[in-house]
Amino acid sequence: MSQFRSVNHPVRRVDAYEKVTGRAKYAADLRFDGMVWGKVLRSRYPHARIRSINAEKARSLPGVLAVLTAQDVPGAKTFGIVVPNQYLLADDRVRYLGDGVALVAAETESIAQAALALIEVEYEELPGVFDPLAALEKGAPTLHAEAPDNLAVHHHVQKGDLAAGMAEADLVLEREYRTQFIEHAYIEPEAVLALPTHPFGHYLTIYGSFQNIYNIRRSVAKVLALPLNRVRLVQATLGGSFGGKDEVMHAMAGRAALLAQATGRPVKMVNSREESILESYKRHPYILRYQAGVKKDGTISAMKIEVYADAGAYASMTPFVTWRSVVQATGPYQVPHVRTDIYGVYTNNTYTGAMRGFGSPQVCFANESFMDEIALELGMDPIEFRMKNALVDGSVTATGQVLNRHRVSLKEVLSQALEAVQYQDKVREYRRFNETNAEKKRGIGVAVSYRGVSLGGEGTDAAGAYVSVQQDGSVIIHSGLVEMGQGLRTIYTQIVAEELGISADRIVFLDTDTSVNLDSGPTVASRSTIMGGSAMKDAAGRLRLTIHGVAADKLEVAQDDLTGEAGIIYSRNNPEKKITFEEAVRHTALRGLRLTELGWYQGPKVSWDEEHGQGDAYFTYVYAANVAEVEVDAETGQVEVLRFTAAHDVGRAINPENVRGQIYGGVAMALGYGLLEEVEMDKGVTRNLNFDEYFVATTMDVPDIQAIIVENPDEFGPYGAKSVGEPTLEIGAPAIANAIAFATGKRLRELPMDLERVLLGHSLRERRTKRGSVER
Amino acid sequence: MKSTPLRLRVNGKTIETMVEPNQRLLDFLRDELRLTGVKEGCGVGECGACTVIMNGQAVNSCLVLVGQANGADVLTVEGLAEDGELSPLQQSFIDHGAVHCGFCTPGMVMSAQALLMKNPKPSRSEIKTALSGNLCRCTGYQQIVAAVEGVIKKVGADSAK
Amino acid sequence: MKEFDFVRAGTLSEALEFLAVRHTATRVIAGGTDLMITLRRNDPSWPGPGYILDLTGLDCLRGISREGDRIRIGALTTHTQLAESPLLKDKVPFLSAAAFSVGSPQIRNRGTIGGNIINASPAADTLPPLLALEARCRLVSREGERDVSLTELLTGPYRTSLRPQEILKEVYFQIPGEGTGFSFQKVGRRKALSISRLSVAVLLSLVEGQVGKARVAVGAALANAARLPEVEEFLEGRLLDRDVAQEAGKLAAEKVVEITGRRWSTPYKEPVLLALVRRALLAAGAPQSP
């Protein structure tokens, strides 16, 4: 029996009814009277100077209401959260193919589309740079004045004495791994609807598919030269984001607002899938050079890591993404001597930014593949090798952090996953299978990870919550952190229900609105449950104190003797002494006490010393182990994932069904990362702009997934909860790579492990000349 | 372009109107009938978010010209619930945690509905096949497949009572 | 979306009459699974068709029937109908299998065999088995009917010898004799929603292990789906075993590379084609096929 009544139970999603009936309104579903359509003209070249723009013909097309260019931007020309170097509309230069050059507003979408073709832009094509290593060479074309070497960021980690560590080693191994551009592939393409300044309220309202709604507001206000209180963003139901509906939405919201101001009409913009893939940022491709010194007994003595991340045309989240990479690059192992360097480099490719995992999938792929390679060299079992070097309670991480505030459960999650799959039996079974089969080969592979929870040393980490009990005992809650499908509204509802001792169906979750909610920072870094959940618990807990105080008075019992359950507040010692929640609320209201609370939670202290590359990077960590079982067609290169097992320590599962859902979804995405997905950039030109050529795994590709929830409650999380969203996809690809290596004896060091790589060991690329034409 | 007359049934109601000839069934349902439960995710028949049931079969409404639906019987997700009462399939989606961001959900539900109309007792592999034209980026499909299996079991158990 | 007028044909003769007059400005639509994508594409070099002529109301072009020792399939027959037809599953199971491998349920419910033929994608899934069956196509226009082999109809990637005034009415083939074996093999990047990277269809009659008739057709290997006559000749009269199947596969790969030259994809397709042909032959030659 759980000690909880709402939390830790598989409560049904609070937003499911609207979604399963088709009533939920996503941004593209909204419409207003007098609404017009906005469209963006994007660049023709990955790198070019704009000589001139002539919009006369477009303006004179009947039905066109406005054609705008950079000179019509009233405020700042650029935006960006870390480095504000991204243009709302290209000024005199385009830096990648997705750059916006001009905007059109027209009575219909097809008129707007037709008008785009009438805008005459004279370009002078500039030499581009499309490879991060080439971009760092002297004399390479550059993108930004403030980065004459194309370097967007450089982070390092320095621990111990690398040379001494390598000298101690009996074996020094070096390998290079590469990862690819990945599209978020949320099924809902981006959309916004901007209403011009309210005639009485003097503020703009923008509805849209927003993830980080406060950051987006900041950019919109900046480019429109408005104070924050005059820009109101309302989140429409969000059809998936995965880190993706951030900067691309800064641009889209800013552009729609600009058009709304120019026309005085509500302006709707909806990206086609092709526009979405063309313009929106991707997960970074990394080049990862790993070197390790290992002793004969399997102890790692030193690691040296050098990583190059393709930032594409703009900084976006590259400085933070690469920071998580540099912290976690050595994986969940005890390594006494470490030097890691990571470089984020500008190129004329599509810019790269936040995507689920946020710098971990790349380093996990490299490191967990590398661990198997080292074990193989040593003639050691890869599990034994991992166990020997695994982080344990009290271990010191690569950044010098002592892990003594939480249970370091790496060995526990690994053991549970191995036990669930009967690992040793499978190893023997697949070896036997491979001895007798020539065409098909089977393999099993393991990967593990540790992951810092929430933002860590990236910056300020705090979140708020609003909980308001109505006079009839029903409850309204809202949050500045957003629902995007991950289940946040359900989790928060459960937490409030738990604290107040009522059922979840008495709680209504209000839509997210920047002018109403508490700015809680971005909904990223798997921080919603631990940060926002703690804030909800704070607010609801204070309301419970108020209401129980009144109840205690009425029942004439001590307040700490009271408990609430299923809408009844009663004495633990004498359950006959009870009062309904509504009744207690009514009395609380009659006494003039406050029935609304704002909750707040500030993340525990973290530290980061950028100069020395050391620090207590995150206040807590989660641990995971994944096991992939595959069958490889040795003659065609087809890989079938037969089974997948994922064990995750989540601290406490606020909603176990929801945690399993996160694991299943993360694993499917990891499978795509490992085997199927790649945005193909050909000299800055995106070649696959829709789902016919960008391959998201289907029902037929995803195997049965066994999700194992491990719970080691954390002192900082609400009810001990930590996080689950991102760790679920960071180690699927290396687990599959290790399984393929088991099956075929061939190590693949580049993603995706598609037909050609599996069969031939390298990729094949068609040389096409097709431009990335935007279709619709 | 000449507007053309259209007559069809949508969610049990007969509709007679004039339409633009280059409208897709998807546009007609969303823009004219405001049935925005029908979603557009790719426009090329690859994601299944726009799936509706036309004459008993799941189709991508982005690949049907509205004129081709003349005389057809079309069912969208809005037509499943009766008087606010969810269909067993919809309820099963909720019960199994199969709804995450929800954008693929209407199409997914319609593909599953089309399957059950044709084959009331599909196997797990038949369910996976029937849903293979509907992409979902959130769920990894497991809870969705479980939801369809769940409704078969539930309906089976109810009818055995 | 392109702009055009929409015409829904009520009868076949109405459709043919319309085409006879307006064929230059008209594109014919059936399931729309290919044409709708073309119409949506923002391609400034193509203004779009003046008319879209919709055939989906012509029930006379639908259906699978047995006529003596032949099977005829109406052009509007969908992939789902091909995949589920008891007659096809019994007599030519590799055609059903190929149709079942197309796209997704939604695509199979709309996409038609006629569309698959006339769109003439090099990777069209139903074409290799139809070629192996030596299928013939009946084309109709206001002026009358003509009959061509599928091989003659396919003239290049996305090109056929169908005249603009004509409609593909049906495709037909002889029912293979008892004891004929079949196999369809396909490699794609995914298990669904997948365009063939390579496909092979084999039809084989064996008498005591010896190959009587062999038909081997490939998809996504050449400009069009096509038979490989040299491979068929090589096989005929031989005792089918693994070595012979391997040899045939090698020959198939050689012939394909001979025709296409070495291309970017050759290092992959050459060995895989060999393996698929070998597998198809052994599967077709096995007692239970496909």
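The values are calculated or read from the model by the stated rules, or taken from the named source; none is laboratory data. Computed from a predicted model, the values in this text were never measured in an experiment. Cβ sites come from the backbone with ideal geometry, for glycine too, and all protein chains shown count toward neighbours.
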From C:R41, C:R27, residue being modelled with pLDDT under 95, of a type in the set (K, R) and over 16 Å from C:Y172 (Cα atoms) = C:R41
request  = Would you mind stating whether A:E18 is within 14 Å of chain B (Cβ to nearest Cβ) and either within 28 Å of A:A315 (Cβ to Cβ) or of a type in the set (D, E) (or both)?
outcome  = yes
task = Name, by its number, the condition in (1) in a helix (DSSP H, G or I); (2) surrounded by fewer than 24 Cβ atoms within 10 Å (Cβ to Cβ); (3) not hydroxyl-bearing (S, T, Y) that does not hold for A:R265.
result = (1)
message = Of everything in the range A:429-447, what is within 18 Å of C:R279 (Cβ to Cβ) and free of Cβ contacts under 8 Å to residues at least 60 places away in the same chain? Give them in sequence order.
response = A:T436, A:N437
request  = Tell me which residues, restricted to the range A:394-432, are surrounded by fewer than 14 Cβ atoms within 10 Å (Cβ to Cβ) and hydrophobic (A, V, I, L, M, F, W, C).
outcome  = A:V402
message = Out of the helices (runs of 4 or more DSSP H) lying entirely within the range A:298-393, which hold 2 or more residues that are in contact with an Asp or Glu (Cβ under 6 Å, 6 or more places away or on another chain) and crowded, with 24+ Cβ neighbours inside 10 Å?
response = A:360-378
request  = Could you identify the single residue in A:V475, A:V446, A:V508 that is buried (at least 20 other Cβ atoms within 10 Å of the Cβ) and not assigned by TED's automatic domain parsing to the domain that holds A:P734?
outcome  = A:V475
ask   = Can you pull out the residues in the range B:28-54 that are of a type in the set (D, E, K, R) and assigned to a loop (DSSP other than H, G, I, E, B)?
value = B:R34, B:K39, B:E40, B:E46
ask   = Got a sec? Which of A:A135, A:A117, A:A106 is over 28 Å from the mean Cα position of the chain (by Cα), surrounded by 24 or more Cβ atoms within 10 Å (Cβ to Cβ) and either away from every other protein chain (no Cβ under 14 Å) or more than 30 Å from A:V234 (Cβ to Cβ) (or both)?
value = A:A106
task = Would you check if C:L193 is crowded, with 24+ Cβ neighbours inside 10 Å and either under 22 Å from the mean Cα position of the chain (by Cα) or at positive phi (or both)?
result = yes
query = Any residue at all in the range A:47-68 that is within 12 Å of another protein chain (Cβ to nearest Cβ), touching a Leu at 6+ places or on another chain (Cβ under 9 Å) and part of a loop (DSSP other than H, G, I, E, B)?
reply = no
ask   = Out of the residues in the range A:559-605 that are within 20 Å of A:Q470 (Cα to Cα) and assigned to a loop (DSSP other than H, G, I, E, B), which is farthest from the chain's Cα centre (by Cα)?
value = A:R591
query = Does the range A:706-729 include one or more residues that are farther than 24 Å from A:I491 by Cα and more than 9 Å from chain B (Cβ to nearest Cβ)?
reply = no
Enumeration of residues in the range A:233-243 that are out of contact with any Ser or Thr (no Cβ under 6 Å at 6 or more places or on another chain) and buried (at least 24 other Cβ atoms within 10 Å of the Cβ) = A:G239, A:G240, A:S241, A:F242, A:G243
ask   = Does B:P5 fit the bill of being assigned to a loop (DSSP other than H, G, I, E, B) and either within 24 Å of C:P49 (Cα to Cα) or of a type in the set (S, T, Y) (or both)?
value = no
task = Looking at (1) in contact (Cβ under 8 Å) with a residue 60 or more places away in the chain; (2) out of contact with any helix residue (DSSP H, G or I) (no Cβ under 6 Å at 6 or more places or on another chain); (3) under 30 Å from A:T699 (Cβ atoms), find the lone condition where C:K191 falls short.
result = (1)
task = Give me a count of the residues in the range C:23-51 that are out of contact with any helix residue (DSSP H, G or I) (no Cβ under 8 Å at 6 or more places or on another chain) and under 18 Å from C:G10 (Cα atoms).
result = 1
inquiry  = Condition first: touching a Ser or Thr at 6+ places or on another chain (Cβ under 7 Å) and not polar (S, T, N, Q). Now tell me which residues in the range A:332-360 satisfy that.
reply    = A:P332, A:P336, A:H337, A:V338, A:I342, A:G344, A:Y351, A:G353, A:G359
task = Return the total of residues in the range B:24-54 being more than 8 Å from chain A (Cβ to nearest Cβ), more than 22 Å from C:S194 (Cα to Cα), surrounded by 24 or more Cβ atoms within 10 Å (Cβ to Cβ) and of a type outside the set (A, V, I, L, M, F, W, C).
result = 1
